[in-house]
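The next block holds one structure in the form of structure tokens; read it before the comments.
The values are calculated or read from the model by the stated rules, or taken from the named source; none is laboratory data. As the structure is a computational prediction, the values presented were derived from the model and not from experiment. Cβ placement follows ideal geometry from the backbone for every residue including glycine, while neighbour counts extend to all protein chains displayed.
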């Protein structure tokens, strides 16, 4: 069997292929099939006089699987097949996603079939390319990939958004919120490391940028301060966006993404402090209250002041995680940062310099009401050769949403897990 993408290599020759039908039409003694096989698409011409099995055309339906044998020819720049034989290998009558508009609830219920649409295939290809390029980027910079555990004994971030899992001896463990803490341990061995994998947040949130299960890129670097970590985040963002613009322009065009602003992205991204961000927000809204973490509306408002992605750094330490290092000049602040995507798409990166002072780390664990026994291994990193280090988390689906111009992050992952939706909806 020959994949459709290789048809050009067989012009004038006979071949066979298996593929799914996504369009079909007939004009009397001539019929046409549009087929796809995952590698590409092509048209097949059936002739009542010369095509064996032409009588089966009346049984063709959307997404049925067929086998076609015939000769490859070129027509108006495309390669198609003049069929000498047609076989239906698997029927698909009453395919539920017809060629008409459907609501999002219906499509999410049919997600396993919705993935076959051209739009979803374009998004899956872009996601795959981004993952490949992430590994390429870090490989070229001598980072080592390290796998982080999925099951954790306690929270790594906050304690209110954990998914619990039954463990042995009636104990509970939790799905990981981040691989960062384990990357810190690995960075003491290998200096520059990263992980890329699923993370989980049991947040009862239905915003356009929230998923219960999502993928996070988390590099951790020994001997980096928070400024060097921001430099790296800036560099990989530009690299990944340029890579997709170069390799998947057709997919972005099909998604109707206006890429003008993406094409103009360049270093450096503007950097402002949390205090400066609050001043800008106060100009827009007299009701804005400094001292809290920035919400989606705040991020949107800030993006209006800048034509590039925006770094915000030095957040108050009391609104950030326990592992973020205090500012030595102002202990109320942390050496933390977020990167807000351009065009109002909100936060895509969050990071910090890590607390390397043993006494301060112990104090913060207590202040955050975390059980010290679960962090003894983490505390050991400060007991035995503590070192300056920094890192960040980049949300893969949020990056895809920005690059592809998606209204909601749910299309950025093959099988989205969303608050308010069960895994299996009742189809009765």
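Structure notes:
Conditions tested, residue by residue: (1) buried (at least 19 other Cβ atoms within 10 Å of the Cβ); (2) in contact (Cβ under 8 Å) with a residue 40 or more places away in the chain; (3) over 24 Å from residue 148 (Cβ atoms).
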{"site": "200", "(1), (2), (3)": "yes, no, no"}
{"site": "230", "(1), (2), (3)": "yes, yes, no"}
{"site": "236", "(1), (2), (3)": "yes, yes, no"}
{"site": "249", "(1), (2), (3)": "no, no, yes"}
{"site": "254", "(1), (2), (3)": "no, yes, yes"}
{"site": "258", "(1), (2), (3)": "no, yes, yes"}
{"site": "269", "(1), (2), (3)": "yes, yes, yes"}
{"site": "284", "(1), (2), (3)": "no, no, yes"}
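- Here residue 291 fulfils each of the conditions (1) within 30 Å of residue 228 (Cβ to Cβ); (2) at pLDDT 95 or above; (3) surrounded by fewer than 13 Cβ atoms within 10 Å (Cβ to Cβ) apart from (2).
- Residue 144, sole failed condition from (1) exposed (fewer than 14 other Cβ atoms within 10 Å of the Cβ); (2) at pLDDT 95 or above; (3) more than 19 Å from the chain's Cα centre (by Cα): (1)
- Criterion applied to 370, 335 was being more than 30 Å from residue 257 (Cβ to Cβ), crowded, with 20+ Cβ neighbours inside 10 Å, in contact (Cβ under 8 Å) with a residue 12 or more places away in the chain and over 17 Å from the mean Cα position of the chain (by Cα), and the one residue passing it is 335.
- Residues (farther than 19 Å from residue 120 by Cα and touching a residue at least 24 places away in the same chain (Cβ under 8 Å)) located in the stretch 214-228: 216, 217, 218, 219, 220, 221, 222, 223, 224, 225, 226, 228
- When residues in the stretch 74-85 are screened for being assigned to a strand (DSSP E or B) and either outside the structural domain of residue 23 (by TED's automatic domain parsing) or surrounded by fewer than 16 Cβ atoms within 10 Å (Cβ to Cβ) (or both), 4 of them pass.
- Of the criteria (1) modelled with pLDDT of 95 or more; (2) surrounded by fewer than 17 Cβ atoms within 10 Å (Cβ to Cβ), which one residue 205 fails: (1)
- Members of the stretch 199-222 that are part of a loop (DSSP other than H, G, I, E, B) and in contact with a helix residue (DSSP H, G or I) (Cβ under 9 Å, 6 or more places away or on another chain): 207, 208, 209, 210, 211
- Among the residues of the stretch 376-386, those identified as free of Cβ contacts under 8 Å to residues at least 60 places away in the same chain and in contact with a helix residue (DSSP H, G or I) (Cβ under 9 Å, 6 or more places away or on another chain) are 379, 380, 382, 383, 384, 386.
- Filter result for residue 14 (loosely packed, with under 13 Cβ neighbours inside 10 Å and at pLDDT 95 or above): yes
- When the stretch 86-106 is filtered for residues that are surrounded by 15 or more Cβ atoms within 10 Å (Cβ to Cβ) and not in a loop (DSSP other than H, G, I, E, B), the ones remaining, listed by number, are 86, 88.
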